[in-house]
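**Student:** Have a look at this one before I ask anything.
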Amino acid sequence: MKKDLIRRIADDGEASEIEIEELLRCGGDDLKALYAAADRVRHEQVGDEIYLRGIIEFSNYCRKSCDYCGIRGPNRAVTRYRMGIDEIVDIAGEAERLGNTTVVLQSGEDVWFTGDRICEVIRGIKRKTGVAITLSIGERPYDELVRFKAAGCDRYLLRFETSDRELFGRIHPDDDFDVRVQCLHDLKRAGIQVGSGFMIGLPGGTVGTIARDILFATALKLDMIGCGPYLSHPDTPLSQGPLLEDREMYFKTLSILRLLNPRAHIPATTAFDALFEGGRDLVLTRGANVFMPNVTPQKYRALYQLYPNKPCVDEDSGQCSVCVMGRVARLGRTIGTGPGHSGLQKDEK
Ligand code: SF4
């Protein structure tokens, strides 16, 4: 039985690689104890509010070729689209009306959206709404990050995807692991709240890889940790990637992250719904405290398929909003009313 180990890790917020591997392999009553501990720490440290961060997928153009991604540049099967600046600002206003206190502006690495244009989008949204802004637009140089911050950017999401350098290099033909990590440090230096994370169950990884990814994410002292199951896309070089044999491993990873990062924001990522019936609801009872509804207009949704069977493709933002409110209410939780800024104390960063 690992209940003493779970209790100790929940109390200390620390664990070794071997201990994390033990938890990743646990089952039965230990599994229940792990999920209960993560839910308790979430309740005590970040409360019962669930923050809504509306995702606006504003461009599916991408100059890169990540081996797992459905909208990678070389995928000719994708019909490309790019929203206009005014259109993005209008959608942000609609997202706020639907209860989102943050909008997440997400795209491929689209060179049309220069630093100047991104700043224009940020300023437009800040003029028109009271929402916090998260960017998720890939690697950008430090001077642009500084300008984004000055324009009003609050947060930035940039996943490291795997802490295994060799695996990172193999699946990211255009990228360098050190540049990715440097960009995360640059974001902090620019005064932007940082979110990062990894794919759980990447082909070529092991249980040890997941344990090291958990430790790597923890060492970065992130404001937000976003992780989801790796899901293979048929039009990519990794199209044959299998799912993890132990499906609970996806949830165990999130729960362990909560124990080691008690005050971080941890979203129930959309990919959990693609793999499990009610997957996001389950994650919210196992450590997560953020929900990211899709507020992209319905006409674009089918064109932004990072992985197949992506949920909420046929719904519009209004339907998603009603669905989310119902899900939160059924969990006995409340919608976060403030911006949901970083829960990390300054001295922890
Ligand atoms: S993961 Fe991001 S950078 Fe890589 S191909 Fe997909 S959209 Fe482009």
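Read-outs throughout are calculated quantities, based only on the coordinates presented, and are distinct from any laboratory measurement. No experiment lies behind these values; they were computed from the predicted model shown. Backbone-built Cβ (ideal geometry, glycine too); neighbour counts: all protein chains shown.
**Student:** Taking only Cα atoms and a 10 Å spring cutoff, compute GNM fluctuations for the chain and point out the largest among K32, K221, K310.
**Tutor:** Residue with maximal mean-square fluctuation among K32, K221, K310: K32.
**Student:** Taking amide H positions as placed in the peptide plane 1.01 Å from N, state which residues far from G228 in sequence (5 or more) or on other chains have amide H under 5 Å from it.
**Tutor:** F198, I200
**Student:** Also, quick follow-up: Anyone know which of L202, L231, L306 comes out most mobile in the 10 Å Cα GNM of the chain?
**Tutor:** Result: L306 has the largest fluctuation of those listed.
**Student:** Right, another one. Quick one: Karplus J couplings for the range 249-265, per residue in order, coefficients 6.51, -1.76, 1.60, θ = phi - 60°, nearest Hz, x for Gly and Pro?
**Tutor:** Per-residue couplings from phi come out as 4, 4, 6, 4, 4, 5, 5, 5, 4, 5, 4, 8, 10, x, 9, 6, 7 Hz.
**Student:** Looking at Y156, G204, L23, which one has the Cα that reaches farthest to the positive end of the dipole of the chain (charges on Cβ: Lys, Arg +1; Asp, Glu -1)?
**Tutor:** Towards the positive end, the residue furthest out is Y156.
**Student:** Oh, and also: From Cα pairs below 8 angstrom and at least 6 apart in sequence, can you work out the relative contact order of the range 3-338, rounded to a whole percent?
**Tutor:** Over the range 3-338, the number comes to 25 percent.
**Student:** Next up: Compare I225, I266, I88 in a GNM of the chain, Cα atoms joined below 10 Å, and give the one with the largest fluctuation.
**Tutor:** Among I225, I266, I88, the largest mean-square fluctuation in the Gaussian network model of the chain belongs to I88.
**Student:** Related question: Restricting attention to the range 68-107, which trypsin sites (Lys or Arg not before Pro) occupy a DSSP loop and are surrounded by at most 15 other Cβ atoms within 10 Å?
**Tutor:** R76, R80
**Student:** Taking GluC sites (Glu not before Pro) as exposed when DSSP calls them loop (any state but H, G, I, E, B) and at most 15 other Cβ atoms lie within 10 Å, what is the longest stretch of the chain free of them, the sites themselves excluded? Each step should come with its number before you reach the end.
**Tutor:** On the way: sites that count: E14, E245, E277.
It works out to 15-244.
**Student:** Here's something else I'd like to know. Is the chain rounded, prolate or oblate when judged by the Cα gyration tensor, a ≥ b ≥ c being the square roots of its eigenvalues, rounded requiring a/c under 1.5 and prolate requiring a/b larger than b/c? The partial results should precede the final answer.
**Tutor:** Working: a/c = 1.44, a/b = 1.28, b/c = 1.12.
Rounded, since a/c falls under 1.5.
**Student:** Which of rounded, prolate or oblate describes the range 1-96 when judged by the alpha-carbon gyration tensor and an a/c cut-off of 1.5?
**Tutor:** oblate
**Student:** Under 19 Å from a point 7 Å along the Cα-to-Cβ line of A150: which residues of the range 158-201 have their amide N that close?
**Tutor:** Zone members listed by number: 186-193.
**Student:** Would you be so kind as to identify which of M249, L231, I266 lies farthest towards the positive end of the dipole of the range 3-338, taking Lys and Arg as +1 and Asp and Glu as -1 on Cβ and the Cα centre as origin?
**Tutor:** I266
**Student:** Which of V324, V104 has the fewest other C-beta atoms within 10 Å, and how do the rest follow up to the most? Intermediate values should be presented prior to the final figure.
**Tutor:** Working: V324 23, V104 26.
So the ranking, lowest neighbour count to highest, is V324, V104.
**Student:** Another one. For the chain, what does -39500 (n - 2.57) per DSSP helix run (n ≥ 4), summed and divided by total residues, give at 222 nm, in deg cm²/dmol to the nearest 500?
**Tutor:** Computed mean residue ellipticity for the chain: -13000 deg cm²/dmol.
**Student:** With +1 assigned to the C-beta of every Lys and Arg and -1 to the C-beta of every Asp and Glu, and no other charges, what is the dipole magnitude of the range 139-198 about the Cα centre in debye, to the nearest 20? Let's see the in-between values first.
**Tutor:** Working: 10 positive and 12 negative charges, 66 e Å.
Computed about the Cα centre, the dipole is about 320 debye.
**Student:** Can you give me the C-alpha center-to-center distance between the range 230-254 and the range 45-93, rounded to a whole angstrom?
**Tutor:** 21
**Student:** In whole angstrom, note down how far apart the Cα centers of the range 265-286 and the range 288-349 are.
**Tutor:** Between the Cα centre of the range 265-286 and that of the range 288-349, the gap is 10 Å.
**Student:** A further question follows. Along the Cα→Cβ direction, 7 angstrom out, place labels at N309 and R40. What is the inter-label distance in nm?
**Tutor:** Label at N309, label at R40, 3.4 nm between them.
**Student:** Can you give the local net charge around S196? Use residues other than it whose beta-carbon is closer than 13 angstrom to its beta-carbon, Lys and Arg +1, Asp and Glu -1.
**Tutor:** The answer is 0.
**Student:** Any of K126/K149; K221/K252; K149/K221; K149/K188; K64/K221 with alpha carbons more than 22 Å apart? Name them for me.
**Tutor:** On the way: K126/K149 12 Å; K221/K252 20 Å; K149/K221 20 Å; K149/K188 11 Å; K64/K221 28 Å.
As for pairs spanning more than 22 Å Cα to Cα, those are K64/K221.
**Student:** Using alpha carbons only, how many angstrom separate the centre of the range 160-217 from the centre of the range 143-157?
**Tutor:** Taking the Cα centre of the range 143-157 as reference, the centre of the range 160-217 is 21 Å away.
**Student:** Oh, and also: Mind checking which aspartates and glutamates have their C-alpha under 16 Å from K3, skipping anything on the same chain fewer than 8 residues away?
**Tutor:** Once the sequence-local aspartates and glutamates are set aside, what remains near K3 is D11, D12, E14, E19, E21, E22, D29, D30, D39.
**Student:** Ordered by residue, what ³J(HN,Hα) values in Hz, to whole numbers, does the range 138-148 give under the Karplus form 6.51 cos²θ - 1.76 cosθ + 1.60, where θ = phi - 60° and Gly and Pro are x?
**Tutor:** For the range 138-148, the Karplus-derived couplings read x, 6, 9, x, 4, 4, 5, 4, 4, 5, 4 Hz, x marking Gly and Pro.
**Student:** By how many nm would the segment from K32 to T337 grow when fully extended, if each residue of separation counts as 0.36 nm and the alpha-carbon distance is taken off?
**Tutor:** The K32-T337 span can extend by a further 106.7 nm.
**Student:** In debye to the nearest 20, how big a dipole does the range 3-338 give about its Cα centre with +1 on each Lys and Arg Cβ and -1 on each Asp and Glu Cβ?
**Tutor:** For the range 3-338, the charge dipole is close to 720 debye.
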